[in-house]
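Visitor: Let me give you the structure first, and then I'll get to my questions.
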Amino acid sequence: MTKTNGQAIVDWLASQRPAMLALLEELVNTDSGSYDKLGVDAVGERIRAFLDRQGIAHDTVANERMGDVVRATVGSEAANTSILLMGHRDTVFPKGEAQRRRFRIEDGRAYGPGVADMKAGLVMNAFVLAAFAKFGGAPAPLVGLFTSDEEIGSPTSRPVIEAEARRARAVFNSEPGRPSGAVVTGRKGGVFMKCAVTGKAAHSGGNFEQGISAIEELARKVIALHALTDIPNGITLNVGLISGGQTVNTVAPSAECQIDLRYVAPADRAAAMEKIDRIVATSHVPGTGAKLEIVGEFLPLVQSSESKRLFQHYVACAKDVGLNVTGEFTGGCADSGFAAGVGATTLCGTGPVGGKAHTPEEYLDVDSMVPRAQSLALAVMRLEQV
């Protein structure tokens, strides 16, 4: 490493640990469930305030229903290519969780709702942007996207992500690093669906035979759906929510379930969806009807030859700050699949290391904040070497 911008950036990031933790505490102590627009936008305001203090240009992609997207830029917008740093502000936790479980640090771990998934990644990206704004040295303009609805499939952020990814020479998605310290080189795709079944109500004692049970029909469909699971090939079907019926003494006139499909390769999606459509269309209880609706979807992150080189490049940069990083495949979905889906060279899980996301035990390895920021900064600075 030469004593130039690279060393200056590494040294400056090392000095920013207290400031990183202070911003992280602000973000974690702000509720931002996906459907809480006010909360998600409040996190955005805190990020914008940081960007303002650092003299970083930013704008907003407004949304009436979900949180707005905050978009920061370092370097000339006139360039045809960019380097994209991504992260989402929303969490899976309900309103009030930030008050019930305030940010705290114990034995080298930070705790609080969204501390690893992925408010630490947002902080890291913000400070990397600030480092390049201060010292320069990026081989292309940097774009930082702080999106709003990843936990529900990015229904409003996806077009923004795809537009930015199409002109990016590299995309770094700062989802949390794995508990092992690995980054993520591959992810499953996911399709989230709702199956609604209709039947006919009848008194369950007085005229049972006149009823048509939507619950019975749905139960048979659930068994068939779960039978599509193929663990060796990475295909899973999970009916995670189910509801229906009118009263205990009424033959159920309606029932509904929500389905989670996970798959590895795009071809697996097509084959699984064909089977799911067939199950939904087949009536085991005469007189029932059913309708399938896709309510959200993630694309898989499939490692290309270009993204493999980006991963190897990141590993080499991380080694210069003392990290030995490996790559992992995970069944979880993320926005990185949308970037890869439009052809962008993409690496995921570059954020600080954490674990137990989506649970009250979610944690962040505090000591990973600075070296992961340094690794990302060096990977950006040396991108011409890929």
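Visitor: Output the residues belonging to region 190-221 that are surrounded by 18 or more Cβ atoms within 10 Å (Cβ to Cβ) and in a loop (DSSP other than H, G, I, E, B).
Guide: Selection gives Gly199, Ala201, Gly211, Ser213.
Visitor: Let me ask something additional. Please list, ordered by first then second residue, the pairs with beta carbon atoms under 8 Å, 6 or more apart or interchain, first in region 234-246 and in contact (Cβ under 8 Å) with a residue 40 or more places away in the chain, second assigned to a strand (DSSP E or B) and of a type in the set (Ser, Thr, Tyr).
Guide: Gly234/Tyr263; Gly244/Ser254; Gln246/Ser254
Visitor: Still on this model: Kindly provide the set of residues from region 294-319 that are surrounded by fewer than 18 Cβ atoms within 10 Å (Cβ to Cβ) and under 18 Å from Leu228 (Cβ atoms), ordered by number.
Guide: Matches in region 294-319: Ile294 only.
Visitor: Taking into account only those residues within region 229-238 that are closer than 15 Å to Phe192 by Cα and aliphatic (A, V, I, L, M), which is surrounded by the most Cβ atoms within 10 Å (Cβ to Cβ)?
Guide: Within region 229-238, the match that is surrounded by the most Cβ atoms within 10 Å (Cβ to Cβ) is Leu237.
Visitor: Find the strands (runs of 3 or more DSSP E) located wholly in region 102-179 whose residues include 3 or more that are buried (at least 21 other Cβ atoms within 10 Å of the Cβ), and list them.
Guide: Here the list reads 142-147, 168-173.
Visitor: Considering only region 247-286, state which residues are out of contact with any strand residue (DSSP E or B) (no Cβ under 8 Å at 6 or more places or on another chain), part of a loop (DSSP other than H, G, I, E, B) and at pLDDT 95 or above.
Guide: If we filter region 247-286 for residues that are out of contact with any strand residue (DSSP E or B) (no Cβ under 8 Å at 6 or more places or on another chain), which is where we start, we get 247-248, 265, 267, 270-271, 274-275, 278-279, 282, 284.
Imposing the further condition that a residue be part of a loop (DSSP other than H, G, I, E, B) reduces the set to 247-248, 265, 282, 284.
Scanning region 247-286 gives Thr247, Val248, Thr282, His284.
Visitor: Kindly establish whether Gly332 is surrounded by fewer than 20 Cβ atoms within 10 Å (Cβ to Cβ), among the small types (Gly, Ala, Ser), over 22 Å from Val10 (Cα atoms) and under 14 Å from the mean Cα position of the chain (by Cα). First the steps, then the outcome.
Guide: Values: surrounded by fewer than 20 Cβ atoms within 10 Å (Cβ to Cβ): yes; among the small types (Gly, Ala, Ser): yes; over 22 Å from Val10 (Cα atoms): yes; under 14 Å from the mean Cα position of the chain (by Cα): yes.
Spelling it out, Gly332 is indeed surrounded by fewer than 20 Cβ atoms within 10 Å (Cβ to Cβ), among the small types (Gly, Ala, Ser), over 22 Å from Val10 (Cα atoms) and under 14 Å from the mean Cα position of the chain (by Cα).
Visitor: Also, I was wondering about something else. Checking Leu241 against (1) surrounded by fewer than 15 Cβ atoms within 10 Å (Cβ to Cβ); (2) under 24 Å from Phe338 (Cβ atoms); (3) touching a Cys at 6+ places or on another chain (Cβ under 9 Å), which test does it fail?
Guide: Of the numbered conditions (1) surrounded by fewer than 15 Cβ atoms within 10 Å (Cβ to Cβ); (2) under 24 Å from Phe338 (Cβ atoms); (3) touching a Cys at 6+ places or on another chain (Cβ under 9 Å), the odd one out for Leu241 is (2).
Visitor: Test Arg187 against the stated conditions and say whether it is within 19 Å of Val61 (Cβ to Cβ) and either of a type in the set (A, V, I, L, M, F, W, C) or in contact with a strand residue (DSSP E or B) (Cβ under 7 Å, 6 or more places away or on another chain) (or both).
Guide: Values: within 19 Å of Val61 (Cβ to Cβ): no; either of a type in the set (A, V, I, L, M, F, W, C) or in contact with a strand residue (DSSP E or B) (Cβ under 7 Å, 6 or more places away or on another chain) (or both): yes.
Here the answer is no, as Arg187 does not meet what is asked.
Visitor: Go through Leu301, Leu292 for me and flag whichever is at pLDDT 95 or above, of a type outside the set (Ser, Thr, Tyr) and either in the same structural domain as Pro352 (by TED's automatic domain parsing) or in contact with a Ser or Thr (Cβ under 9 Å, 6 or more places away or on another chain) (or both). Spell out the reasoning first.
Guide: Values: Leu292 fails: either in the same structural domain as Pro352 (by TED's automatic domain parsing) or in contact with a Ser or Thr (Cβ under 9 Å, 6 or more places away or on another chain) (or both).
Matching residue, one of Leu301, Leu292: Leu301.
Visitor: Consider Ala98 carefully, then state whether it is at pLDDT below 95 and among the hydrophobic types (A, V, I, L, M, F, W, C). It would help to see each step written out before you state the result.
Guide: Working: at pLDDT below 95: no; among the hydrophobic types (A, V, I, L, M, F, W, C): yes.
In short, no.
Visitor: Moving on. Mind counting the residues in region 5-51 that are aromatic (Phe, Trp, Tyr) and farther than 17 Å from Ala72 by Cβ?
Guide: 2
Visitor: Considering only residues that are under 30 Å from the mean Cα position of the chain (by Cα) and among the small types (Gly, Ala, Ser), which ones fall in region 256-289?
Guide: Listed by number, the residues that qualify are Ala265, Ala267, Ala270, Ala271, Ala272.
Visitor: A further question follows. Any idea which residue in region 345-386 is nearest to Arg167 (Cα to Cα), counting only those that are within 17 Å of the chain's Cα centre (by Cα), of a type in the set (A, V, I, L, M, F, W, C) and buried (at least 24 other Cβ atoms within 10 Å of the Cβ)?
Guide: Ranking the qualifying residues of region 345-386, first place goes to Leu347.
Visitor: Criterion first (part of a loop (DSSP other than H, G, I, E, B) and either surrounded by fewer than 21 Cβ atoms within 10 Å (Cβ to Cβ) or charged (D, E, K, R) (or both)) does Asp52 satisfy it? Break it down stepwise before answering.
Guide: Values: part of a loop (DSSP other than H, G, I, E, B): no; either surrounded by fewer than 21 Cβ atoms within 10 Å (Cβ to Cβ) or charged (D, E, K, R) (or both): yes.
Against the criterion (part of a loop (DSSP other than H, G, I, E, B) and either surrounded by fewer than 21 Cβ atoms within 10 Å (Cβ to Cβ) or charged (D, E, K, R) (or both)), Asp52 does not qualify.
The values are calculated or read from the model by the stated rules, or taken from the named source; none is laboratory data. Please read these numbers as outputs of a predicted model, since none were measured by experiment. Glycine gets a Cβ as well: all are built from the backbone with ideal geometry, and neighbour counts include every protein chain shown.
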